[in-house]
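What follows is calculated from the coordinates using simple rules that are stated; it is not laboratory data. Since this is a predicted model, take the numbers as computed values, not measurements. For neighbour counting, all protein chains shown are included, and Cβ atoms are generated from backbone atoms with ideal geometry for every residue, glycine included.
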Amino acid sequence: MSDQEPPGAVGFGPGSNCNLNNCPAEWSIYGYRPSLAANATFLALFVLIGMVHGYLGYRWRSWGFMVGMLLGCMSEVIGYAGRIMLYNNPFSFVGFMVQIVCLTIAPVFYTASIYVTLSKTIVSLAPQLSRFNPVFFYWIFISFDVVCLALQSAGGAMSTTSSGQDQAGVNISLAGLALQVIVLTTFAAFFADYMIRYVRSSSRRSFDWRLQAFFGGLVTSTLLILARCAYRVAELKDGYSGHLIQEEAPFIGLEGVLIVLAAVVLCFGHPGLVFGRDGRARKAMSEESVDVQVLESK
């Protein structure tokens, strides 16, 4: 945001009196006018992705996974609507706060779906191969997800009430994002450990296309969301006046594109491929699944 505004001009905050008729976009908090084409495209894509997840969730009765994905897609749609508001008026405080809060918290809902799904998968496939009780993945990581959501939401709310000038709000949001990076990294390590033990197990199921797509989707989406969170930490570390936050190209590539890909990958690697409509791991995936099913029944 420029410090060369004329006397009486307010470029940021609920009392902003700037618009494109009397102030250049360079004086806005982002220092640019967001791309209408890019943000409208992301909004449309998340509407479409949300519809696909709604259909898949209904088809396979994967209600918990569906709710998390729909909440994430809804947050993305609202967030990009806020970005479009900034295209119309780069000084719109409402548009800024809508997009900063909704786009920041949206991936938390995706990771919640991933955590719940992996816990259910371990219980169904080979719980004896996990170093921890599969419930650990559910309660611990979901609890941290809630903390991340609370911190990011609280930080955004504090920025709203302080017209974005309170560094404490930025710091709280940054803490939520940093914690999300730590939690995702830890989750990825536990996930990798389980997968290595599962692949090496003599009693594992063979990796048919369903399991390959499913695990591939979980792994890819986790890494994409992790990369996005790392970018948002770097973006916010200097507050709303930092250099990176005033560059739209990195935002489009490392926020928009990465999260679109993560949500799409979770369509192709949907848990319904493994659990079907009845919520149980599909039987007869291979002859080798018999041994695991016997172990699970004991």
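Worth pointing out:
- Extension gain, ALA227 to CYS267: 0.36 nm times the residue separation minus the Cα-Cα distance gives 12.5 nm.
- The modelled label-to-label distance between MET74 and ILE142, using points 7 Å beyond Cα along the C-beta direction, is 1.8 nm.
- Ranked PHE91, PHE187, criterion: other C-beta atoms within 10 Å, fewest first: PHE187, PHE91
- Extension gain for the segment ILE182 to GLN128, taken as residue separation times 0.36 nm less the Cα-Cα distance, is 16.8 nm to one decimal.
- The sum of -39500 (n - 2.57) across all DSSP H runs of n ≥ 4, divided by the residue count of the chain, sets its helix-only mean residue ellipticity at 222 nm to -23000 deg cm²/dmol.
- The Cα center of region 113-187 and the Cα center of region 43-61 differ in position by 23 Å.
- Along the chain, the exposed loop sites are GluC sites (Glu not before Pro) outside DSSP states H, G, I, E and B with at most 15 other Cβ atoms within 10 Å, and the longest stretch free of them is 1-246.
- Percent RCO, i.e. relative contact order, over region 149-237, from Cα pairs under 8 Å lying at least 6 residues apart: 33 percent
- For MET195 and LEU20, the difference between the fully extended length at 0.36 nm per residue and the C-alpha to C-alpha distance is 57.6 nm.
- Remark: ARG61, ARG204, ARG83 ranked as ARG61, ARG204, ARG83, counting other beta-carbon atoms within 10 Å and listing the fewest first.
- Pairwise label distance in nanometres, VAL94 with ARG59, each label 7 Å out on the Cα-Cβ vector: 3.9 nm
- For the pair region 222-280 and region 197-213, the centres of their Cα atoms are 27 angstrom apart.
- Cα long-axis angle, helix 258-268 against the chain (0 to 90 degrees, to the nearest 10): 30 degrees
- Reported value for the chain: 113 Å³ per residue, from the convex hull of its C-alpha atoms.
- Cβ crowding within 10 Å ranks SER153, SER206, SER159 as SER206, SER153, SER159, fewest other Cβ atoms first.
- Computed from the Cβ-Cβ distance with R0 of 22 Å, the FRET efficiency linking GLU247 to VAL10 stands at 0.35.
- At R0 = 22 Å, FRET efficiency that the Cβ-Cβ distance of MET51 and GLN212 yields, to 0.05: 0.30
- Normalising the average separation of contacting C-alpha pairs (under 8 angstrom, six or more residues apart) by the number of residues puts the relative contact order of the chain at 20 percent.
- Cysteines not pairable in the chain (beta carbon separation under 4.7 Å absent): CYS73, CYS102, CYS148, CYS229, CYS267
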